[in-house]
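One structure below.
The values are calculated or read from the model by the stated rules, or taken from the named source; none is laboratory data. Only a predicted model underlies this, so the values are computations on that prediction, with no experimental measurement involved. Quick reminder, even Gly has a Cβ in these numbers, built from the backbone with ideal geometry, and neighbours come from all protein chains shown.
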Amino acid sequence: MSLTKREGRDYLIGFALVLTMVGIATWLHDAEIILPEIGALTAGMWIYHNPTWVSQPIKIFLAPSGTAVIGFIVNQFSIIYPEKIGITLLLILLFLNVLRSTLAPSFATGLLPIIINATHWSFILAIFAFTLTLMVGVLLQGHYKGQPAGKPLRYQHMLGFVLAAAIWIGAVWLAGYPQMAGIPPVLVVFFEVSQMTSYSGKLALKHIVALGGAATLGVLVHLVVASWLLATLITLPLVFILLQLLRIKLPAAYAFPLLALVLPTSMFHTLPIAATLAACFFLGSVFAYRKLATLTGLASENN
């Protein structure tokens, strides 16, 4: 896919914002300022101009910031890791329903404080600052104009999301890998595609390859390059090339290079396999459900 001058400019501006965030974190020696989902939000809003994400600019600030506060508070509870993930997901769903928002990256900002065990208020301040910056950028670009207002989540989607998440959390807990309970970029894509009216196996496969590939690139580059800033500078273009080769636009993939920088050691080395397995489960579930619904519908018509 060739880029126009305007698209090239949007990529450069978007990458510059992400690099600025990592640069500030490097300068202050504070990993909690590195927010992986800012990479995804920047790609989805400033580069791809996702109509669902930019339709209500104020919620670009409210939704991710609100869920980040939820995750930050839940992380203070004296409960086991999988329980923190499950409770946070439920609260995020309720919050987004009240807010009438379907901004999928809000799941990632809510889970991040639990995954990295955020304890400093610099995490919350960083979320506020960068989501506010994104909101201002969307207002200046003006792509939100003429987009329909947000709608509350459909209970069918909420139930399906909770059921799939519960099965996954229970499975990895029983398998002895509780750290795999929450892979934010995968859950973001799962939430997005679960609301699509159709989801082909080909697209599901591309999404799985993109998510697993981006996670692998993030880990491999950071293994070679210790510098947060340099690793990000190298990995973002590599993820761009991967998505170009797959011919898809998947903002969540841009979160993995940053996620690899902030993960605890217990999760870092297993991120590629964890991301791939989680993507296979969640996205495969959506494809299987859509396929079953189609077959059931055809059977009903034949009867």
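When segment 141-164 is limited to residues that are out of contact with any helix residue (DSSP H, G or I) (no Cβ under 6 Å at 6 or more places or on another chain), among the aliphatic types (A, V, I, L, M) and within 17 Å of V193 (Cβ to Cβ), the one that is modelled with the lowest pLDDT turns out to be L159. Would you say L94 is surrounded by fewer than 17 Cβ atoms within 10 Å (Cβ to Cβ), over 16 Å from the mean Cα position of the chain (by Cα) and outside any helix (DSSP H, G or I)? When the stated conditions are applied, L94 does not pass them. I'm checking my understanding of the structure. Among residues of segment 183-229 that are surrounded by fewer than 21 Cβ atoms within 10 Å (Cβ to Cβ) and of a type in the set (S, T, N, Q), which one is farthest from T276 (Cα to Cα)? It comes out as S227. Taking the criterion of being at pLDDT 90 or above and touching a Lys or Arg at 6+ places or on another chain (Cβ under 6 Å), the only residue of segment 48-74 that qualifies is V74. Within segment 119-137, being among the aliphatic types (A, V, I, L, M) and under 19 Å from the mean Cα position of the chain (by Cα) holds for I124, A126, I127, A129, L132, L134, M135.
Elements of the type helices (runs of 4 or more DSSP H) sitting completely within segment 113-216 and holding at least 3 residues that are of a type in the set (A, V, I, L, M, F, W, C) and closer than 27 Å to F15 by Cβ: these cover 122-141, 184-193.
Checked against the criterion of being touching a residue at least 40 places away in the same chain (Cβ under 8 Å) and buried (at least 22 other Cβ atoms within 10 Å of the Cβ), segment 78-86 has at least one qualifying residue.
Here the condition is being at negative phi and without any contact (Cβ under 8 Å) to a residue 24 or more places away in the chain; of I183, I241, I208, I248, it holds for I241 alone. The criterion of at least 2 residues that are more than 29 Å from L159 (Cα to Cα) is met, among helices (runs of 4 or more DSSP H) falling completely within segment 223-303, by 228-246, 256-262, 265-268.
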